[in-house]
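The values are calculated or read from the model by the stated rules, or taken from the named source; none is laboratory data. As the structure is a computational prediction, the values presented were derived from the model and not from experiment. Please note: Cβ atoms are built from the backbone with ideal geometry, for glycine as well, and neighbour counts cover all protein chains shown. Each accessible area value is taken on the protein alone, full model and side chains, heavy atoms only, with ligands, DNA and RNA left out. Shrake-Rupley method; radii C 1.70, N 1.55, O 1.52, S 1.80 Å.
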Amino acid sequence: MKSIVMFVLAVAMVYFMVKPGEAVQCGQVAASLASCMPYLEAAGQNPSTACCDGVRNIKAITPTTADRQAACECVKSAAAKHPNINQDAASSVPGKCGVPLNIPISPYTNCANIN
């Protein structure tokens, strides 16, 4: 069953991927971060490979400041719907995945300050 869920998530990630420079959609961001939720809510030792792939996807689809700000608003909105997110785990995801990402996973981010 777990492999089916992972397959569906992988297909969703590919489906929602965009080319750099196209408008970022919240569905793309949500699909990219969906596999991070177990880590974000339980703060295990490391995020999954699928989670890190999603973080890499977000990095790839947000080459401009406007793209990063749009993705930030999506992440902010999604984070507000999940009060069980461990903020320490959320802030550690990019580093643990080895992806420099200037988009915090937090409901409190001022996305206008993202550049």
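Using the Karplus relation 6.51 cos²θ - 1.76 cosθ + 1.60 with θ = phi - 60°, the per-residue 3J(HN,Hα) values for region 63-70 come to x, 10, 4, 4, 5, 5, 5, 5 Hz, with x marking Gly and Pro. The string of couplings for region 24-29 from the Karplus curve (6.51, -1.76, 1.60, θ = phi - 60°) is 7, 10, 4, x, 5, 5 Hz, one whole number per residue in order, with x for Gly and Pro.
Per residue, region 27-88 exposes 47 Å² of accessible surface when a 1.4 Å probe is rolled over the protein heavy atoms with every protein chain present.
With N residues in region 32-87, what two-decimal value do you get for its Cα radius of gyration over 2.2 N^0.38 Å?
Values: Rg = 11.7 Å, N = 56, 2.2 N^0.38 = 10.2 Å.
This ratio for region 32-87 stands at 1.15.
Under the simplified labelling scheme, the THR109-GLN87 pair shows an inter-label distance of 1.5 nm, with each label point 7 Å from Cα along Cα→Cβ. The fraction of accessible area contributed by carbon and sulfur in region 23-75 is 55 percent, rounded to a whole number (1.4 Å probe; ligands and nucleic acids excluded).
Tally Lys/Arg at +1 and Asp/Glu at -1 over every other residue whose Cβ is under 15 Å from the Cβ of CYS52; what's the total?
On the way: positive: ARG56, LYS59, LYS96; negative: ASP53.
With Lys, Arg at +1 and Asp, Glu at -1, the net is +2.
Per-peptide packing, taken as the mean over residues of other Cβ atoms within 10 Å, places 104-110, 56-62 in the sequence 56-62, 104-110 from highest down. Across region 23-110, the mean sequence separation of Cα contacts (distance under 8 Å, 6 or more residues apart), normalised by length, yields a relative contact order of 36 percent.
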